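The values are calculated or read from the model by the stated rules, or taken from the named source; none is laboratory data. Since this is a predicted model, take the numbers as computed values, not measurements. Neighbour counts run over all protein chains shown; Cβ positions are idealised from the backbone, glycine included. These area figures cover heavy atoms from the full protein model, side chains too; ligands, DNA and RNA do not enter into them. Shrake-Rupley method; radii C 1.70, N 1.55, O 1.52, S 1.80 Å.
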Amino acid sequence: MTVTAKALVFGGHSIARRLGKRGIPDWSIAETWECSDVEGAGGVVTAGPLAGRTLRQVTLDHSQELMGAGWSGEYFPVLTKFIDAAGTLPVHLHADDEAARRLEGQPNGKTEAWHILDAAPGATALCGVKAGVTPEQLRAALEAQDFDAVLRRLPVRAGETLYVPGGTPHSFGPDTLIYEIEQTSDIQQHAMRWRMEDGSPVDASEFGSNVDMLMRQVDLESRPDFTPGRGIAVGDGVERCFLCASPYFALERWRAGTAEPLRHSFATAQILTNVGARVRVRSGTWSEELGRAETLLLPAVCGEVEIAGPADVLFGYLPDLDRDVRAPLREAGGPGGVERRARGNTGVV
């Protein structure tokens with residue numbers, strides 16, 4: 001599908017120069033939306049019999065073939081991005097489902113996860129409010145832009161993943177390159193005195209309103225941590241690593257050598273993103289090369305995919321947690337995931 005590139009003030013050139021993504025503008029790019037059904041930034045099919053149709057149209061017209069038996073919905077439920085935090089992202093949060101419906105007039109919130117592709121030595125992220133911080137202390141620190149006084153600063157390492165529930169204030173960068181998976185939404189509340197689009201100042205009245213709304217949506221108890229995920233061997237030189245999973249989305253990283261190809265069966269749409277060298281992807285009688293930092297959306301009706309190694313790819317999807325996550329972990333001889341509670345939602349790692 002088509003990709004939307006976002007030129008925001010914290011961006012740089014890593015998506016093109018370090019990841020090797022082609023076809024994006026040759027200027028500072030902060031984000032590329034790889035698979036998106038967000039209003040105003042939705043992807044369009046570029047090849048095949050559905051070429052020219054938006055992801056929204058495909059989702060509405062072919063919901064069962066795309067998402068699997070029994071699924072229905074008005075839009076594709078998962079959003080994925082590359083984000084180049086050459087600079088530091090603004091401190092912000094996204095509403096959870098309840099706050100999105102009550103305060104934003106939106107059907108759902110935006111829980112997300114970051115998979116770290118690359119980070120400079122000593123890179124850190126802010127995520128979650130420190131234990132014991134009161135709402136009054138949080139607001140005072142946000143107004144003073146003294147974020148370290150109230151927010152947790154975590155070390156960032158390539159290969160790790162952080163599941164960020166809605167309502168969790170956060171930021172990352174500089175010198176951090178991530179793959180982000182999240183609920184389909186673009187709602188957010190910022191606590192910065194500048195705009196991320198162009199760096200221009202936010203006046204006092206608008207800043208106060210932004211902080212008001214952020215304080216109404218913040219979850220003071222959400223304190224997620226990075227995890228390396230849980231890997232299992234699924235072939236000769238083929239590793240499947242469950243990076244994160246929840247009712248909203250799951251993300252896996254698969255690596256394969258040359259002894260045998262990567263083979264993956266599935267029952268729901270798979271967002272396949274290549275984070276390694278160019279590979280050949282096969283499903284049934286169809287095959288195509290997938291370049292570095294390119295993405296394909298594989299409909300549920302495909303059922304299986306084969307990728308010749310060496311390969312290093314990500315699969316993002318809307319899971320049935322028992323079928324897609326717990327069962328393969330149990331079959332591999334390990335526990336059916338480690339469940340971590342976060343504001344009523346379960347992150348399975």
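On the principal axes of its alpha-carbon atoms, the stretch 225-269 has extents of 34, 26, 11 Å, going from largest to smallest. Measuring nothing but protein heavy atoms, the accessible surface of the stretch 183-304 at 1.4 Å probe radius is 46 percent carbon and sulfur. Here the label points at Asp225 and Ala204, each 7 Å from Cα along the C-beta direction, are separated by 4.3 nm in the simple model. Our estimate of slack between Tyr75 and Arg292, defined as 0.36 nm per intervening residue step minus the Cα-Cα distance, is 75.4 nm. Divide the volume of the convex hull around the Cα atoms of the chain by the residue count and you get 134 Å³ per residue.
Against the chain, whose longest principal axis comes from its Cα atoms, helix 204-217 is set at around 60 degrees. Applying the Karplus relation 6.51 cos²θ - 1.76 cosθ + 1.60 with θ = phi - 60° to the stretch 153-164 yields 3J(HN,Hα) values of 9, 10, x, 10, 9, 4, x, 9, 9, 10, 8, 10 Hz, where x marks Gly and Pro.
Ligands, DNA and RNA excluded, the heavy atoms of Trp27 present near 150 Å² of accessible surface to a 1.4 Å solvent probe.
Taking only the alpha-carbon positions of the stretch 1-43 and ignoring solvent, what does the Debye formula give for the base-10 log of I(q)/I(0) at q = 0.20 Å⁻¹? Listed by q, the Debye log ratios stand at -0.59. Stretched out straight at 0.36 nm per residue, the stretch from Thr285 to Ala233 would grow longer than its current Cα-Cα span by 16.0 nm. For the chain, the solvent-accessible area of protein heavy atoms averages 41 Å² per residue (probe radius 1.4 Å; ligands and nucleic acids excluded). Ranking Tyr75, Tyr179, Tyr248 by solvent-accessible area of protein heavy atoms (1.4 Å probe, all protein chains present), from largest to smallest, gives Tyr75, Tyr248, Tyr179. The GluC sites (Glu not before Pro) found in the stretch 1-96 that occupy coil by DSSP, while having at most 16 further C-beta atoms within 10 Å, are Glu39, Glu74. On C-alpha positions alone, give me the angle between the axis of helix 135-144 and the longest principal axis of the chain, in degrees, nearest 10. That works out to roughly 90 degrees. Heavy-atom accessible area with a 1.4 Å probe sorts Trp114, Trp71, largest first, into Trp71, Trp114. Label positions at Thr46 and Leu60, each projected 7 Å from the Cα along the C-beta direction, are separated by 2.4 nm.
Would you work out if the stretch 185-265 is rounded, prolate or oblate? Take a ≥ b ≥ c from the square roots of the eigenvalues of the alpha-carbon gyration tensor; rounded if a/c is under 1.5, else prolate when a/b is larger than b/c, oblate otherwise. Prolate shape, in that a/c is at least 1.5 and a/b is the bigger ratio. Annotation: Glu180 carries an accessible surface of approximately 10 Å², with a 1.4 Å probe and no ligand, DNA or RNA atoms counted. With every protein chain in place and a 1.4 angstrom probe, the accessible-area ranking of Thr295, Thr161, largest first, reads Thr295, Thr161.
A probe of 1.4 angstrom, applied to the heavy atoms of all protein chains, finds Leu89 with accessible area near 10 square angstrom. Atom-type composition of the exposed protein surface of the stretch 37-166 places 52 percent of the accessible area on carbon and sulfur (1.4 angstrom probe).
When the convex hull of its Cα atoms is viewed from all sides, the stretch 90-231 shows a mean projected area of 9.0 nm². Residues within the reach of a label modelled at Arg263 (point 7 angstrom out along Cα to beta-carbon, backbone nitrogen below 17 Å), restricted to the stretch 64-100: there are none.
Quick one: grab the alpha carbon gyration tensor of the stretch 95-171, order the square roots of its eigenvalues as a ≥ b ≥ c, and give me rounded if a/c is under 1.5, else prolate or oblate depending on whether a/b is larger than b/c.
Here the stretch 95-171 falls in the oblate category.
Shape class for the stretch 171-216: oblate, because the ratio a/c of the largest to smallest gyration tensor axis (alpha-carbon atoms, square roots of eigenvalues) is 1.5 or more and b/c is at least a/b. In this calculation the C-beta distance from Leu103 to Ala277 is compared with R0 = 41 Å, giving a FRET efficiency of 0.35.
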